[in-house]
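To start, the structure under review is shown below, and the notes come after it.
The values are calculated or read from the model by the stated rules, or taken from the named source; none is laboratory data. Keep in mind that what you see is a predicted model, and the values were worked out from it rather than measured. Quick reminder, even Gly has a Cβ in these numbers, built from the backbone with ideal geometry, and neighbours come from all protein chains shown.
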Amino acid sequence: MAKIVMLTGSPHKDGTSLRLADAFERGARAAGNDVYRFDAGLAADLQPLRLEEGSPEVAIPGTDTYERQVLPHLLEADVVVLVSSLYYYGMNAALKTTVDRFYRFNHELKDKKAVVLATGYGTHDDLKVLMDWFATLQRYMRWENLATVEVPGSWTESNMRRGIEQAEKAGRAIR
């Protein structure tokens, strides 16, 4: 059994990226894994990082959901799943705000495994910048990529069905 932390960023409750997240979670739980999911796009108190007063160091407010709930799970995780829809050739802001919080814990978060799930209304070429960013993050964090599910043209139900099947299969493959 793996400890999985899934981080999503979409504010759309029935959006395409959250549909992929649901499928992955279904598969991962069916395989007996422990899944903790944080839907950053739906979190009301997620704020950008700020500098500590009088210090060049970044501060995370102690009342922040990330600090209180997400971080303890993330530090214990075997697998980190990053889920985003394409926003202007990058990830959505809530997921980026969440990923920025890795900064203070870079060393503790190294050498995990990762899964990337991404959707976009554009083409594969439109998603390339986002996918390259995720790949760069994984190299920097020394995370082994277990799976990548990319769904370009996600407005098309047939594309989404394929992506959902791939996401659920990727979840089931984690042990």
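Tabulated values for the structure
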read-out: Those residues of region 125-175 which are under 14 Å from Thr16 (Cα atoms), among the β-branched types (Val, Ile, Thr) and in contact with a Gly (Cβ under 9 Å, 6 or more places away or on another chain), in sequence order; value: Val149, Val151
read-out: Out of Ala2, Ala31, Ala21, sole residue that is out of contact with any strand residue (DSSP E or B) (no Cβ under 6 Å at 6 or more places or on another chain), among the aliphatic types (A, V, I, L, M) and modelled with pLDDT of 90 or more; value: Ala31
read-out: Considering residues of region 1-49 that are in a strand (DSSP E or B) and either on the phi > 0 side of the Ramachandran plot or in contact with a Phe, Trp or Tyr (Cβ under 9 Å, 6 or more places away or on another chain) (or both) only, the residue surrounded by the fewest Cβ atoms within 10 Å (Cβ to Cβ); value: Lys3
read-out: Test: residue in region 135-143 that is touching a strand residue (DSSP E or B) at 6+ places or on another chain (Cβ under 8 Å), of a type outside the set (D, E, K, R) and under 20 Å from His12 (Cα atoms); value: no
read-out: Qualifying residue in region 20-40 (condition: touching a helix residue (DSSP H, G or I) at 6+ places or on another chain (Cβ under 8 Å), hydroxyl-bearing (Ser, Thr, Tyr) and under 24 Å from Arg175 (Cβ atoms)); value: yes
read-out: Pairs with Cβ under 6 Å, 6+ apart, first in region 62-81 and within 14 Å of Ala114 (Cα to Cα) and without any contact (Cβ under 8 Å) to a residue 40 or more places away in the chain, second surrounded by fewer than 21 Cβ atoms within 10 Å (Cβ to Cβ) and not aliphatic (A, V, I, L, M); value: Leu75/Glu108
read-out: Meets criteria (touching a strand residue (DSSP E or B) at 6+ places or on another chain (Cβ under 9 Å), touching a residue at least 24 places away in the same chain (Cβ under 8 Å) and under 25 Å from Asn33 (Cβ atoms)) for Ala167; value: yes
